[in-house]
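The values are calculated or read from the model by the stated rules, or taken from the named source; none is laboratory data. The structure presented is a predicted model; accordingly, all values stated were derived computationally and were not measured. Note that each Cβ is placed from the backbone with ideal geometry, even for glycine, and that neighbours are counted across all protein chains shown. In case anyone asks, the SASA skips ligands and DNA or RNA and just uses the protein heavy atoms, side chains included. Shrake-Rupley method; radii C 1.70, N 1.55, O 1.52, S 1.80 Å.
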Amino acid sequence: MLLNGATLLSEPCPYCSGVRVMKEGYALCISCGREPGKKEIVIKETSKEEKSSIEKTLEKKIEVLSKELEIETNHEEQQNILKTINSVLETIEKIKGRQ
């Protein structure tokens, strides 16, 4: 499933504690086959005044990377872009944690 575009989830299945993957917005347990529900990624917007300049820069970087990801056809390059997006998102979360 991972080779076909699914994403490995860090949280276990709430029913059997098995490994779960996400494909097309649905979390699916590999062990029991249950779909606990659709998981949507929601980016919480804060007011423009509250955002630091570094946060604004990182959000712009995510937009650029997202556009690159849309047009990229090489699987390895797609994975590299996704890793970079993940790193930027983690950095944004760390910055928000300090505020």
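Which ones in the stretch 78-99 are under 20 Å from S53 (Cβ atoms) and open to solvent by 80 Å² or more (accessible area, probe 1.4 Å)?
E90, E93, K94, R98, Q99 - these are the residues of the stretch 78-99 that are under 20 Å from S53 (Cβ atoms) and open to solvent by 80 Å² or more (accessible area, probe 1.4 Å).
Matching residues to (1) basic (K, R); (2) open to solvent by less than 70 Å² (accessible area, probe 1.4 Å); (3) at pLDDT 80 or above:
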| site | (1), (2), (3) |
| --- | --- |
| P12 | no, no, yes |
| C16 | no, yes, yes |
| V21 | no, yes, yes |
| E40 | no, no, no |
| K44 | yes, no, no |
| S53 | no, no, yes |
| K60 | yes, no, yes |
| K67 | yes, no, yes |
| E70 | no, no, yes |
